[in-house]
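The values are calculated or read from the model by the stated rules, or taken from the named source; none is laboratory data. Bear in mind the structure is a predicted one, so any value in this text is a computation, not a measurement. All Cβ positions, even for glycine, are placed from backbone atoms using ideal geometry, and neighbour counts span all protein chains on display. Surface accessibility is based on the protein's heavy atoms, side chains included, excluding ligands, DNA and RNA. Shrake-Rupley method; radii C 1.70, N 1.55, O 1.52, S 1.80 Å.
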Amino acid sequence: MDYPQPGFENKICPPAQLTVKAAALPRPLVFTNGCFDILHRGHVTYLAQAAALGCSLVVALNSDASVKRLGKGDERPVNALADRLAVMAALECVTLVTWFEEDTPLQRILDCRPEVLVKGGDWSPERIVGNREVHAWGGSVHSIPFLHEKSTTALLEKIRRL
């Protein structure tokens, strides 16, 4: 039996198409970014909170090379970009998911011009990449406090101990 392709994969947006696809989304648009290597409760809670700040949520993932440059360890990311994109796209609260090769998501932020820029509670608003740009066009920047203290690094350490 042939099974239909999952529709959530339509939410994966190559960077070259982001400007056009983001322009068609309901506003206000919320933007966030990260590695999201092994998705856990802290991630999904944070993403749902971010989505609630607007009508559409765009998530930009670090490419595999970008993750490696962050110094999270030689074996990171555990999941390849294509897998991380698919898992992120499957989340109901995510409208579009894209990626960036650079060290920061600034170009993706400029591509979609969000009204709301969000990062997790370990980032102060003034340290969030794109803060100046989003404020300049009248948007807001938020650092969402963690409700569930979870960490992919800590999870991997626990797995290794077992």
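In table form, for the structure just shown:
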| read-out | value |
| --- | --- |
| Under 15 Å, Cβ to Cβ, from Ala90 - net charge with Lys/Arg +1 and Asp/Glu -1 | -1 |
| Under 30 Å from the Cα of Lys21 - lysines, other chains or at least 8 residues apart | Lys11, Lys68, Lys119 |
| Percent accessible area from carbon and sulfur atoms, the chain, protein chains only, probe 1.4 Å | 55 percent |
| Among Ser143, Gly71, Cys112 - extreme Cα towards positive end, dipole of the chain, charges at beta-carbon | Ser143 |
| Modelled FRET efficiency - R0 25 Å, Trp123 with Lys158, Cβ distances, 0.05 increments | 0.55 |
| The chain: calculated mean residue ellipticity at 222 nm from DSSP helix runs of at least 4, using -39500 (n - 2.57) | -9000 deg cm²/dmol |
| Candidate lysines - alpha carbon under 17 Å from Lys158, same-chain residues fewer than 8 apart omitted | Lys72, Lys150 |
| Within-13-Å neighbourhood charge of Arg69 [Cβ basis; K, R +1; D, E -1] | -2 |
| Computed label-point distance, nm, for sites Arg41 and Ser151 using a 7 Å Cα→Cβ extension | 1.7 nm |
| Val20 paired with Ala65, simple spin-label distance in nm, labels 7 Å along Cα-to-beta-carbon | 2.5 nm |
| Relative contact order of the chain, pairs being alpha-carbon contacts under 8 Å that are 6 or more residues apart, as % | 28 percent |
| The chain - Rg and Dmax from Cα coordinates, angstrom | 15.5, 54 |
| Accessible area per residue in Å² at 1.4 Å probe, computed on the stretch 14-106 | 43 Å² |
| Global form of the stretch 54-110, assessed from the alpha-carbon gyration tensor, a/c cut-off 1.5 | oblate |
